[in-house]
Structures are given as structure tokens and as C-alpha cells.
1. Of the numbered conditions (1) touching a strand residue (DSSP E or B) at 6+ places or on another chain (Cβ under 8 Å); (2) of a type outside the set (Lys, Arg); (3) surrounded by fewer than 12 Cβ atoms within 10 Å (Cβ to Cβ), Leu10 fails exactly one; give the number of that condition.
2. Give just the number: which of (1) more than 21 Å from Ile17 (Cβ to Cβ); (2) surrounded by 11 or more Cβ atoms within 10 Å (Cβ to Cβ) does Val191 not satisfy?
3. Report the residue count in the stretch 199-233 for those that are crowded, with 16+ Cβ neighbours inside 10 Å and small (Gly, Ala, Ser).
4. Quick one: in the stretch 135-148, which of the residues that are surrounded by 13 or more Cβ atoms within 10 Å (Cβ to Cβ) and farther than 14 Å from Ser42 by Cα is nearest to the chain's Cα centre (by Cα)?
5. Considering only residues that are in a helix (DSSP H, G or I) and touching a residue at least 60 places away in the same chain (Cβ under 8 Å), which ones fall in the stretch 181-213?
6. In the stretch 49-73, how many are of a type outside the set (Gly, Ala, Ser) and surrounded by 14 or more Cβ atoms within 10 Å (Cβ to Cβ)?
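The numbers here are math on the coordinates, done by the rules we state, and not lab data. It should be emphasised that the depicted structure is a prediction, and the values quoted were computed from it without experimental measurement. As a convention, Cβ positions derive from the backbone with ideal geometry for all residues, glycine included, and neighbour counts pool all protein chains shown.
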Amino acid sequence: MSHALGIYRLQQADSRIDQTNQRLQEIRAVLENNSLVQAVRSRLEASEAALKEAEKGLRQSEATAQAQRIKIEQVESSLYGGRVQNPKELRDLQSELTALKRHLASLEDKQLEAMILLETTREQQQTTLKELRQAEAQVISQNSSLKSEQDTLLSNLENLKAERAAIQNAISADILQKYELLRQKKHGLAVTTVNEGACDACGAGLTPAQAQIARISTQLFECPTCGRILFSN
């Protein structure tokens, strides 16, 4: 096996390993960061806080209206109980009763508004809760599929590493070192092919003599433009 063929096969194995690792990284990001569920859960927490405030508001409104009714009952008892005989005091009680009833009507309007707000807030909370359940089900379904893909990729990765090790053992140490250094400089792609008389990585054309050297030379031939090692069938 020629030097160029050996490191070309090594490059193919490394490229497949890089692609597999990239996909595994993407899957891990999805599995660890369920942004959809987190967003809906945040909305649910906000709606639940709003629901508690609405419930508190209704309780306060009911208590205030009930206190007002008790005041009205007390004034009515004094007015109609026969204990007060003085005309002026009776007129004052009647005026107070009228004012209390007027204020009660206002309080009951506020109580009704509080009830409507509570019902609306409860509906929003239930809607958001339903959305959260749907989002969780969607993520679970996606994760199930991703988990299966992850398991397959991990198995493939072990096979690729074993294949790479076998190829690497047939390559001399100096050429292997040159390959590894070039891979670091060229973002993982140290070896490329000649395609229609040009470097397949950078697209630079080769002279007929250069193309011939890349094809038949037993030594490594680098692209004059990008510096990658060229392999030609």
C-alpha cells in the first residue's frame, strides 16, 4: 500500500469519526437542553403565580363585602329595632344605611370583577399546563428516537476507531506525524483527492505534470495552493 493511499484511508476514517462525534454532540445538546419544555414551564410558573394572586384578590374582596354587610345589618338593627327614638338619630342612621348600601354595591362589583379575573386566570393556567404536557410528550418522543440514534452512533464509533487503529499501524511514524500536524492546520482535512485535474479541497487546478506526479508518485505530493496531501486513483 502506497503512503498516499494509507493516509487517504486514514483520512476517510478520521472524517467519519469527526462526523459521528459532531452528531453525538448535537444529540447530547438536545437531550441536555430541552428549551421548549423550559420555556413552557416558565410560562406555567408565571400563570400559577397569577392564579394565586387572583385567588387572594377574590378572598380579600369577599371579606371586604362581607364586613360591609355586617355593618349594614348592625345599622338596620339599630334603625328598625326600636331602641332609637330620636328623629335626628333615626335620620342619621338612615343616611348611614344608604351610604353603606351604596358602598356595598361598589364592593360587590369589584367582587364580580375578581371572580371573572380568577376564572380567566385559571383557564390560562390550565391551558399552559396542557401545553407543558404536550411539550414534555414531544420531547420524550424525540428523545426516544435520539437515544436510539445515539446508541447506534456510539457502536459505530467504536468500529471506526478499531478500523482507524488498524490503518494507522500500517503507516510509518514520520508520515503519521506529518499527517496529524497537517490535520490540525487544515481543520481536520489533511488529505484530499484530485478531481478533474484540480484539488478537491480548494479547487485549485493542477498542471498535467503535477496531476501525473500525484497519481504515480510513491512519495507524498501536496497541493501547491492549499498544502494538503493529494491522493489520485
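1. The one condition Leu10 does not meet is (3).
2. Only one criterion in (1) more than 21 Å from Ile17 (Cβ to Cβ); (2) surrounded by 11 or more Cβ atoms within 10 Å (Cβ to Cβ) is unmet by Val191, namely (1).
3. Going through the stretch 199-233 one residue at a time, the tally reaches 4.
4. Just the residues of the stretch 135-148 that are surrounded by 13 or more Cβ atoms within 10 Å (Cβ to Cβ), to begin with: 135-136, 138-139, 142-143, 146.
Right, trim to farther than 14 Å from Ser42 by Cα and you get 138-139, 142-143, 146.
Working: Gln138: 12, Val139: 10, Gln142: 13, Asn143: 13, Leu146: 15 Å.
By that ranking, first place goes to Val139.
5. Applying the first criterion (in a helix (DSSP H, G or I)) to the stretch 181-213 yields 181-185, 208-213.
Arg183 - this is the single residue of the stretch 181-213 that is in a helix (DSSP H, G or I) and touching a residue at least 60 places away in the same chain (Cβ under 8 Å).
6. Going through the stretch 49-73, the residues of a type outside the set (Gly, Ala, Ser) turn out to be 51-53, 55-56, 58-60, 62, 64, 66, 68-73.
If we keep only those that are surrounded by 14 or more Cβ atoms within 10 Å (Cβ to Cβ) too, we end up with 51, 55, 58, 62, 64, 68-69, 71-72.
Within the stretch 49-73, residues that are of a type outside the set (Gly, Ala, Ser) and surrounded by 14 or more Cβ atoms within 10 Å (Cβ to Cβ) number 9.
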